[in-house]
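S.K.: The structure that follows is given in the form of structure tokens.
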Amino acid sequence: MQDTTLVLGGKEFQSRLIVGTGKYPSFEIMKEAIAASGAQLVTVAVRRVNLPGTGESLLDHIDPARYTLLPNTAGCYTADEAVRTAYLAREAGLGELIKLEVIGDSRTLFPEVQGLLEATKILAREGFTVLPYTNDDPVLALKLQDSGAAAVMPLGAPIGSGLGLRNPYNIKIILETITVPVIVDAGVGTASDAAIAMELGCDGVLMNTAIAGARDPVAMATAMRLAVEAGRLAFKAGRIAKKLYATASSPIEGLPEWTS
């Protein structure tokens, strides 16, 4: 079955799974898990990366020839903080592709909507390819697209919760509302969650804790790769309609009538 690639910032990606780099037991396990995931796009928290010459960094374990880095503004609570962090990433040579996070609450890590919109406008105007992490709100998704977002990344559930997609209907409405890619970000707990997101028609899934926090991160990374691929294939294949009552698998029309 023919399929398109995921295009972000003019660059094509065969894999629709994006993975993070935090919370792993070691850099070596992180490296093995990323490889097993088949991901080509890897996100790193700019504020948690050691600068060159300041000690071991996770960037030392990510091959830039193999992976595209997606710096993120995790830990930023204002638009100003997020914009400065994006500039820092660009100056450090991490490029202009940025996962934008502006957090409004430290307990839930839900986005701060006004700051997110403001930072999206500024960074898009400055030439960044902005991928904002947002609520599963179709109205906000459209506003982010109109503000210059290259993709919209609605949460499936709170970051690190592992609850899966709590409101797939809103995700579906977002898919029908905007034209830029929709990538589910946050809340995935296991492979079936990733498959559901892709079956809805999402363009990709981003996850970190679900892999890094698993009992066997490398095995879970493999499971997530297969789930994303299966979910995408199922979406492209087109599922059957849901019905309240049974439908015979073997049609009876045209069969001869039996007489005693």
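The values are calculated or read from the model by the stated rules, or taken from the named source; none is laboratory data. None of these values were measured; they are calculated from a predicted model. All Cβ positions, glycine included, derive from the backbone under ideal geometry; neighbour counts span all protein chains shown. SASA here: full protein model, heavy atoms, side chains in, ligands and nucleic acids out. Shrake-Rupley method; radii C 1.70, N 1.55, O 1.52, S 1.80 Å.
S.K.: Could you list, in sequence order, the residues of region 166-184 that are open to solvent by 20 Å² or more (accessible area, probe 1.4 Å) and assigned to a loop (DSSP other than H, G, I, E, B)?
M.R.: ARG166, ASN167, THR179, VAL180, PRO181
S.K.: Next up: Could you please find all residues in region 13-37 being within 19 Å of ARG48 (Cα to Cα), touching a residue at least 40 places away in the same chain (Cβ under 8 Å) and either among the hydroxyl-bearing types (Ser, Thr, Tyr) or touching a Phe, Trp or Tyr at 6+ places or on another chain (Cβ under 8 Å) (or both)?
M.R.: Residues satisfying the conditions are THR21, TYR24, MET30, ILE34.
S.K.: So MET153 ticks every box in (1) within 25 Å of THR4 (Cβ to Cβ); (2) surrounded by fewer than 16 Cβ atoms within 10 Å (Cβ to Cβ) but one. Which box is left unticked?
M.R.: (2)
S.K.: If you scan region 81-118, which residues turn out to be among the small types (Gly, Ala, Ser), closer than 19 Å to THR43 by Cα and in contact with a helix residue (DSSP H, G or I) (Cβ under 8 Å, 6 or more places away or on another chain)?
M.R.: Applying the first criterion (among the small types (Gly, Ala, Ser)) to region 81-118 yields 82, 86, 89, 92-93, 95, 104, 106, 115.
Narrowing the set further to residues that are closer than 19 Å to THR43 by Cα leaves 82, 86, 89, 92-93, 95.
Scanning region 81-118 gives ALA82, ALA86, ALA89, ALA92, GLY95.
S.K.: Filter region 98-122 down to the residues that are over 14 Å from TYR133 (Cβ atoms) and not basic (Lys, Arg), then identify the one that is modelled with the lowest pLDDT.
M.R.: Only one residue tops the list, namely SER106.
S.K.: Something else: Quickly run through region 11-36 and pick out the residues that are in contact with a strand residue (DSSP E or B) (Cβ under 9 Å, 6 or more places away or on another chain) and open to solvent by 10 Å² or more (accessible area, probe 1.4 Å).
M.R.: Matches in region 11-36: LYS11, GLU12, GLN14, SER15, ARG16, THR21, GLY22.
S.K.: Also: Go through region 199-249 and report how many residues are open to solvent by less than 40 Å² (accessible area, probe 1.4 Å), farther than 24 Å from ALA74 by Cβ and touching a residue at least 60 places away in the same chain (Cβ under 8 Å).
M.R.: Looking only at that region, the number is 1.
S.K.: Say whether the condition of being more than 21 Å from GLY187 (Cα to Cα) and of a type in the set (Phe, Trp, Tyr) is met by at least one residue in region 119-137.
M.R.: yes
S.K.: Give the residues of region 85-119 that are surrounded by fewer than 16 Cβ atoms within 10 Å (Cβ to Cβ) and acidic (Asp, Glu), sorted by residue number.
M.R.: If the condition is that a residue be surrounded by fewer than 16 Cβ atoms within 10 Å (Cβ to Cβ) and acidic (Asp, Glu), then GLU91, GLU96, ASP105 are the ones that fit.
S.K.: Can ILE240 be described as assigned to a loop (DSSP other than H, G, I, E, B), at pLDDT below 95 and closer than 29 Å to GLU96 by Cα?
M.R.: no
S.K.: Do we find that LEU163 is among the aliphatic types (A, V, I, L, M) and either open to solvent by 30 Å² or more (accessible area, probe 1.4 Å) or closer than 20 Å to GLN14 by Cα (or both) in this structure?
M.R.: Yes; evaluated as a whole, the condition is true for this residue.
S.K.: Same structure, new question: Of the residues ALA82, ALA74, ALA65, ALA39, only one is open to solvent by less than 70 Å² (accessible area, probe 1.4 Å) and either farther than 26 Å from THR120 by Cβ or at pLDDT below 95 (or both); which?
M.R.: ALA74
S.K.: Here is a list: GLY204, GLY213. Which entry is of a type outside the set (Lys, Arg) and within 15 Å of the chain's Cα centre (by Cα)?
M.R.: GLY204
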